[in-house]
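One structure is given here, and the rest of the page talks about it.
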Amino acid sequence: MKSTTWTDQEFEELVEGLRQGDPSAMSSIWREFNPSLIRFLRSLGTSEPDDVAQETWVSFAKAAKDFKGSQNNLKALLFHIARRRLADHLRSRYRRVQTVGIDDKAHLFSSEDHDRVDEADDLEKALRLLALLPEAQSEVVALRVIGGFDTKIVAELVGRSEGSVRVLTHRGLSKLAEVLVASKKNSRSIDSASVVKEGR
């Protein structure tokens, strides 16, 4: 996990700014963490990540006034609040997360899912795939891959043992790999069928 976004002195000044309610301090943290926060919320299947993120930042601004710890701790605090705000958001709208059979949905993803993940279109597809995982798996994979947290911090955030987090991460990534392979095979089968048809 990236742990040196700011130098020690810069971080001390940043934390002091948070305690004093300095808008520039909050703005600096927002610019650094909001992109990954939005991706994290989207990966968990919410259709309104911006709304949840806004609620998260409001709560974070209040909690940060009493913050003590490292840069990693600060980011962990933000994502911890995000998890709670997401749960509140879903409850307030009487939503229930629907479990979708991921194996049955493999055909929905084309071979383009294997392109570079740093492109916006591919990121959208990666997040859609992640949202199809069982909730426990999608959350730990999102925290590890999108949030950039190590196993210990993820375990603390989700209230599980480090061993459990490792297992869930492995299963989640394995399932994603299976879907991508199935998607690729399906795409090749379609291409082959097209060639045969055209050759007749």
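The values are calculated or read from the model by the stated rules, or taken from the named source; none is laboratory data. For clarity, every value in this text was computed on a predicted model and none was experimentally measured. Counting neighbours? That spans all protein chains shown, and the Cβs are built from the backbone with ideal geometry, glycine included.
From (1) loosely packed, with under 13 Cβ neighbours inside 10 Å; (2) modelled with pLDDT under 90; (3) of a type in the set (D, E, K, R); (4) assigned to a helix (DSSP H, G or I), pick out the condition that doesn't hold for R116.
(4)
In region 149-183, what residues are out of contact with any helix residue (DSSP H, G or I) (no Cβ under 7 Å at 6 or more places or on another chain) and either in the same structural domain as N73 (by TED's automatic domain parsing) or assigned to a loop (DSSP other than H, G, I, E, B) (or both)?
Scanning region 149-183 gives D150, G159, R160.
Those residues that are under 18 Å from W57 (Cα atoms), among the charged types (D, E, K, R) and in a helix (DSSP H, G or I), I need them from region 1-47; list them, please.
Matches in region 1-47: E16, R19, R31, E32, R39, R42.
With at positive phi and crowded, with 17+ Cβ neighbours inside 10 Å as the only criterion, which of G45, G21, G69 stands out?
On the way: G21 fails: crowded, with 17+ Cβ neighbours inside 10 Å; G69 fails: crowded, with 17+ Cβ neighbours inside 10 Å.
So the residue among G45, G21, G69 that is at positive phi and crowded, with 17+ Cβ neighbours inside 10 Å is G45.
State yes or no: is R84 at pLDDT 90 or above, in contact with a helix residue (DSSP H, G or I) (Cβ under 9 Å, 6 or more places away or on another chain), of a type in the set (D, E, K, R) and not in a loop (DSSP other than H, G, I, E, B)? Even if it seems obvious, please write down each step before you answer.
Numbers: at pLDDT 90 or above: yes; in contact with a helix residue (DSSP H, G or I) (Cβ under 9 Å, 6 or more places away or on another chain): yes; of a type in the set (D, E, K, R): yes; not in a loop (DSSP other than H, G, I, E, B): yes.
Judged against the criteria, R84 is a match.
Can you pull out the residues in region 1-41 that are free of Cβ contacts under 8 Å to residues at least 24 places away in the same chain and within 30 Å of E135 (Cβ to Cβ)? I'd like the intermediate steps shown before the answer.
Pass one, region 1-41, residues free of Cβ contacts under 8 Å to residues at least 24 places away in the same chain: 7-10, 12-14, 16-17, 20, 22-25, 27-28, 31, 34-35, 38.
Within region 1-41, R31, N34, P35, I38 qualify.
Which residue is surrounded by the most Cβ atoms within 10 Å (Cβ to Cβ), if the candidates are limited to region 48-66 and must be in contact with a helix residue (DSSP H, G or I) (Cβ under 8 Å, 6 or more places away or on another chain) and among the polar types (S, T, N, Q)?
Selected residue: T56.
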